[in-house]
Amino acid sequence: MQPLHIQNSLSRKKELFEPLNAPHVGMYVCGPTVYSNVHLGNVRTFLSFDVIYRYLEFIGYKVRYVRNITDVGHLVGDAEDGEDKIGKMARLQKLEPMEIVQKYTNDFHDVMRVFNILPPSIEPTATGHIIEQISSIEKILENGYAYEVNGSIYFSVRKFSEDYPYGELSGRKIDELLSNTRDLDGQSEKKDPLDFALWKKADDSHLMRWPSPWGIGFPGWHLECSVMSTKYLGEEFDIHGGGMDLKFPHHECEIAQNIGANKTPNPVRYWIHGNMLTVNGRKMAKSEGNGFTPDELITGNHKLLERGYSPMTVRFFMLMGHYASTLDFSNEALQAAEKGLSKLTNAVEALGKLVGGEENTDFNFTALSDKCYAAMNDDFNTPILIASLFEGVKTINSAVDGRISLSSTQISNLKVLYSGFMKDVLGLVEEGSKGSAEGSEDLASNLLDLLVELRSDAKSNKDWASADRIRNTLSELGVTVKDSKDGSSWSHD
Ligand code: AMP
Ligand code: ZN
């Protein structure tokens, strides 16, 4: 197995990766809260983990990849009290909360497919794990790290920090946290401002509610991830990921809950945080009004976009940055990515047609291949991998132009290397081929059927001008319309 270095958010230093049960790797990534359409910022985080998942599998690990769906407990504004994000949307759209969940889960899956982001091995939902969440709270209560007030249960950070460190992941010191938090406003029933809810009593207006030993209520947001990761990956597992903005409080609370319930001092071995997609330096977020949906990106139908960009262009643009660095969106960067990707794919296509000749002793295939692996082994450094692939493109293009020759072994080695890293690791599939654009092919074909039908209607109405306009425009796009006694049909050259 390749030695793999991962920048662990927990210790802030590079560590050598060895799974707990090699070759099996347990990886948990916080999934979306399904109350609205996914924006491109969300896509970046899931794409970063898609490549990590792909690379681990590529080098021979067997990954159990768990990515949850948050369908309860995440309150508006990430607040401690108030309305559930999903409950609020259900009220506004006059739908059942579970209709909201289904609608936006479907949207999320569609978007993942468009960007060729692989599905996880398990995709558990918070509402499907209420019983497990209740038992986890019971364990935390039993261990003395939580208390009940009026049908709600809170985690006692102060009590926990007497026995275990709190704040290690986000680098916060408990004393500073205590002095920086505002005093309780008298309304709160928490004993300490740092405490967080494990279970909340549901008032009458709250739509999503379950019975519990403490009355009718709902689980706190942080708890679901502790419970589902432990259930499917064990009390200690290898990798936990999510966007950087989840580090505190979400992940910090997860660690406290896991330890509080199971007393395992190191529940997660490697924390990996994907950095944010920004627009003019500001985080892309629904609340900022600077987040566009993947649909808007593809059609170019948004004020920030000069034109539309294909899903693979966007994928490549995102992979040109390291997952741990912020990435600023701009039309120029996307256009540069488009050019870069086509240079790379053209070279790979030409490589497929190259005929072997004399061996080129100046070309060191092993050195190129080693560079590609070394880039990914060094904290999944996709920009360095892409730079190395471009270096190889120089050699490929020289061979295509006939300036140098490559032997058939050298050519087939290159083919395996490029197919492995471009398709399997970076997940870059040809646009229009299976995987990314199957849906858009169907769409194009349905639209063409519709246009041909509209042309037939125009002809029946003796509207020759419209009929000709449709046929001529399609012809300019390479689509031929044929008329026969059985009707009209189209073909694409
Ligand atoms: P949410 O559905 O809001 O819980 O977000 C789902 C995931 O997207 C989380 O891992 C967030 O950290 C991540 N995320 C949200 N905004 C951005 C952004 N602008 N760039 C990258 N990731 C983001
Ligand atoms: Zn989570």
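Every number here is computed from the coordinates shown, using simple stated rules; none is lab data. Fair warning: this is a prediction, and the values are worked out from it, not measured in the lab. Glycine gets a Cβ as well: all are built from the backbone with ideal geometry, and neighbour counts include every protein chain shown.
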>> Which residues among the stretch 469-493 fall inside the zone where the amide N is under 13 Å from a point 7 Å beyond the Cα of L454, along Cα→Cβ?
In response: 469-474
> Spin-label point model (7 Å from Cα, Cβ direction): what's the K286 to K423 distance in nm?
Replying inline: 3.7 nm
>> Once you place label points 7 Å from the Cα toward the Cβ at V76 and F248, how far apart are they in nm?
In response: 2.7 nm
> Placing +1 at every Lys and Arg Cβ and -1 at every Asp and Glu Cβ, with all other atoms neutral, what dipole size does the chain have around its Cα centre, in debye to the nearest 20?
Replying inline: 500 debye
> Assuming R0 = 35 Å, what is the FRET efficiency of I216 and D163, from their Cβ-Cβ distance, to the nearest 0.05?
Replying inline: 0.65
> What pairs from K139/K201; K103/K339; K14/K339; K85/K423 go past 30 Å between their alpha carbons?
Replying inline: K103/K339; K14/K339; K85/K423
> Using Cα pairs under 8 angstrom and six or more residues apart, how large is the relative contact order of the chain, in percent?
Replying inline: 16 percent
> Which residues in the stretch 187-209 place their backbone N less than 20 Å from a point set 7 Å from the Cα of D175 along the Cα-to-Cβ direction?
Replying inline: 193-195
> Going toward the positive end of the dipole of the stretch 5-274, with +1 on Lys and Arg Cβ and -1 on Asp and Glu Cβ, which of F46, H74, Y154 do you reach last?
Replying inline: F46
> Gain in length, K343 to E189, computed as 0.36 nm per residue apart minus the alpha-carbon separation, to one decimal in nm?
Replying inline: 49.3 nm
> Measuring from label point to label point, each 7 Å out along Cα→Cβ, what is the K263 to D468 span in nm?
Replying inline: 8.8 nm
>> Taking loop as defined by DSSP and a crowding limit of 12 other beta carbons within 10 Å, which trypsin sites (Lys or Arg not before Pro) in the stretch 292-345 fit?
In response: K303, R307
>> For K231, give me every one of the aspartates and glutamates with a C-alpha distance below 12 angstrom, ignoring sequence neighbours fewer than eight places off in its own chain.
In response: E132
> Using a simple charge model, +1 on the beta-carbon of Lys and Arg, -1 on the beta-carbon of Asp and Glu, nothing else, what dipole does the stretch 437-492 show about its Cα centre, in debye to the nearest 20?
Replying inline: 380 debye
>> Which order do the peptides 50-57, 221-228, 26-33 come out in when sorted by mean C-beta neighbours inside 10 angstrom, highest first?
In response: 221-228, 26-33, 50-57
> Once every DSSP H run of n ≥ 4 in the chain is given -39500 (n - 2.57) and the sum is divided by its residues, what mean residue ellipticity at 222 nm do you get, rounded to the nearest 500 deg cm²/dmol?
Replying inline: -14000 deg cm²/dmol
>> At a 10 angstrom cut-off on C-beta neighbours, averaged per residue, how do the peptides 89-96, 65-72 rank from highest to lowest?
In response: 65-72, 89-96
